[in-house]
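We did not get these values from a lab; they are worked out from the coordinates using the rules stated. Remember, it's a predicted structure, so these values are computed and weren't measured experimentally. Note that we place each Cβ from the backbone using ideal geometry, even for glycine, and neighbour counts take in every protein chain shown.
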Amino acid sequence: MPIYRQIIDQIKYQVATGVLREGDKVPSVRELAGKLAVNQNTVLKVYNELCRENVLRIERGDGTYVSSSKQHISASEREGLVAEILREAVVQAVQLDVSLEQAQKLLEKEYETITSARKKSI
């Protein structure tokens, strides 16, 4: 998996679990690139993608912050985004010969893990 995709997934995970909350400032492109030992253009690509997805917002001259995507995306749009992600997961599950029951159990387990972590951080 490309490094920029790994960084995107990690930031989204931190937002989902409540480690990063709405309004939190994230490190600058330069800071995060230095901390992760990656090119600044990689981090810039990550931040731009997350802004496009309404996970982050850039305040010119002030920094980059976690946004509240719930306020900017309708319920039907959120459902569509989740359906798209789940479609990819289903394709992988079918290709790996994972049964529907196994996939449901895995989804439930992951959902519980993340919501539990989120409750603990609040």
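Applying the selection to region 25-58, what residues are part of a loop (DSSP other than H, G, I, E, B) and exposed (fewer than 14 other Cβ atoms within 10 Å of the Cβ)?
Kept after step one, since they are part of a loop (DSSP other than H, G, I, E, B), are these residues of region 25-58: 27-28, 37-39, 53-55.
Scanning region 25-58 gives 37, 39.
Mind checking whether some residue in region 83-96 is part of a loop (DSSP other than H, G, I, E, B), under 25 Å from residue 1 (Cα atoms) and either touching a residue at least 40 places away in the same chain (Cβ under 8 Å) or not aliphatic (A, V, I, L, M) (or both)? I'd like the intermediate steps shown before the answer.
Going residue by residue through region 83-96, those that are part of a loop (DSSP other than H, G, I, E, B) are 96.
Applying the additional criterion that residues be under 25 Å from residue 1 (Cα atoms) yields 96.
Adding the requirement that they be either touching a residue at least 40 places away in the same chain (Cβ under 8 Å) or not aliphatic (A, V, I, L, M) (or both) leaves none.
Scanning region 83-96, I find no residue that is part of a loop (DSSP other than H, G, I, E, B), under 25 Å from residue 1 (Cα atoms) and either touching a residue at least 40 places away in the same chain (Cβ under 8 Å) or not aliphatic (A, V, I, L, M) (or both), so the answer is no.
Checking the structure you have, find out if any residue of region 12-23 is over 16 Å from the mean Cα position of the chain (by Cα) and charged (D, E, K, R). Reasoning before the result, please.
First, pick out the residues of region 12-23 that are over 16 Å from the mean Cα position of the chain (by Cα): none.
No, every residue in region 12-23 fails to be over 16 Å from the mean Cα position of the chain (by Cα) and charged (D, E, K, R).
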